[in-house]
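A quick write-up on the structure given underneath.
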Amino acid sequence: MRMFRHCAALVLLLTGSATAAEFKGGLLTPSKMAPDFSLTTPEGKPFRLSGERGKVVALWFGYTFCPDVCPTTLAELAQVRSRLGGDGNRFRIVFVTVDPERDTQARLREYVSAFSGSFTALTGAPERLAETRKAYGVVADKRVVAGTSAAYLIDHSAFVYVIDPAGQLRLMFPFGMPIEDMTHDIKLLLGR
Amino acid sequence: MRQILSVAAIGTTAAVLLLGPCLVHGQSQTIQISNAWARSAAMAHGSMGGGSMEKGAMGKGSMHKGDMGKLEGANGAVYVTVTNTGGQADALLSASSDAAQTVELHETKNDAGVMKMRPVTKIDVPAGGKIEMKPGGYHVMLLGLKRDLKPGDKVLVTLKFERGGEVRAEAAVR
């Protein structure tokens, strides 16, 4: 752990001036390695977070039944990606479902295509998804609610977890953070 | 309300009196709708979770009901700004649209970073005040979309107010 911290400090030195004051999002100090996970894409392929080294990863936990906060966040992250221009290919947006019951692979494929493939959707066995949420401190509570035609709704954490190219969990973006601020932070993490 | 009825207002009143239940697009005497938009969304093309869909039976817009007749499928949201120009408090009671199986009024609340979306029975619009629906707040929820909502499309919604009656709004998909 100590060695790891030294490495992190070195990375900070090498990348220059990325100090806490410069980030707009919530900075995690000390940063730690982002909990690794292996989940499944809608095409049935395995996806491992640690396979994304060299990219900044924006991790979002949500469900496709949600018409409000989830698509808003994904659309905003897609705008961040387009604002990065050529660096956009070093920015991976990952959506992890908190609703494997309704978010089948077929459903996720459609959802991704509705967003022009701007993000990677992931699902997996319910236990594995629960482990992943726990590792990130994500809450997802299924609620059967009166007064709606929806069978159930899910109360869930609405932070974007940002992982730097070295695989460290560095930032948390709250819901509603301005797109220019998110873009600013991602650029810093990309060393731009 | 006072006695400041402008010629336009008198005109509107006359039109309403003459046309009876006909809807005035985007406004009633006291309710104005502005900035109406909908989030783009894709309905499920016959591949929704949980299985047995009667493909073709109901056409492209078909969807099935899951356990207890609850709706499953793709959803959308419409956001509007409601301005109450009247001197009395009003309330949005319900909404309808031909774009979805069911339309509900919902509110999302941010509880220490956890988003909680719930149906609401009404949305109060104070006299002389306005309600701005937006992501993470109030929205008109479209449950069970009958078609894709693509950028550039329009979604028609009819909003029913306690005092202002029915007001139609055209939401631009973006």
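The values are calculated or read from the model by the stated rules, or taken from the named source; none is laboratory data. For clarity, every value in this text was computed on a predicted model and none was experimentally measured. Glycine also receives a Cβ, built like all others from the backbone with ideal geometry; neighbour counts cover every protein chain displayed. Each accessible area value is taken on the protein alone, full model and side chains, heavy atoms only, with ligands, DNA and RNA left out. Shrake-Rupley method; radii C 1.70, N 1.55, O 1.52, S 1.80 Å.
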*Compute the relative contact order of chain A as a whole-number percentage, counting only Cα pairs closer than 8 Å that sit 6 or more residues apart in sequence.*
32 percent
*Which percent, to the nearest 5, of DSSP beta bridges fully inside chain A are antiparallel?*
65 percent
*Given springs between every Cα pair under 10 Å in a Gaussian network model of chain A, which of A:V69, A:V144, A:V96 has the largest fluctuation?*
A:V144
_In square angstrom and rounded to 100, what buried accessible area do you get between chains A and B, total over both, with the probe at 1.4 Å?_
2600 Å²
*asked:* So if each residue of separation counts as 0.36 nm, and I subtract the Cα-Cα distance between A:D181 and A:D87, what length gain in nm does that give?
replied: 32.2 nm
*Two-decimal Rg/Rh of the range A:36-192 from alpha-carbon positions, Kirkwood Rh?*
0.95
*asked:* In the range A:150-178, what residues drop by 40 Å² or more of accessible area when the other protein chains are put back, versus the chain on its own? Use 1.4 Å, and skip ligands and nucleic acids.
replied: A:A151, A:L153, A:D155, A:F175
*Accessible solvent surface per residue of chain A, calculated while the other protein chains remain in place, 1.4 angstrom probe, Å²*: 43 Å²
*With every protein chain present, what is the per residue accessible area of the range B:68-174 (1.4 Å probe, Å²)?*
41 Å²
*Most fluctuating residue of A:D141, A:D68, A:D155 in a GNM of chain A with Cα springs under 10 Å: which is it?*
A:D68
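Hey, any idea what % of chain A's accessible area is carbon plus sulfur with a 1.4 Å probe?
55 percent
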*Build a GNM of chain A with springs between Cα atoms under 10 Å: which of A:A114, A:A78, A:A34 gets the top mean-square fluctuation?*
A:A114
*asked:* Starting from the 7 Å offset along Cα-to-Cβ, what nm value, one decimal, do you get for the label separation of B:R174 and A:S38?
replied: 4.4 nm
*Which number gives the lysine pairs in chain A that have C-alpha atoms under 30 Å apart and are eight or more places apart or on different chains?*
17
_For the range B:131-174 versus the range A:63-121, the gap between their alpha-carbon centres in whole angstrom_ = 23 Å
*How much accessible area does B:M115 have with a 1.4 Å probe, in Å² rounded to the nearest 10?*
10 Å²
_Residues along the range B:117-142 losing 30 Å² or more of accessible surface when the other protein chains are present rather than the chain by itself (probe 1.4 Å)_ = B:M117, B:R118, B:P119, B:P135
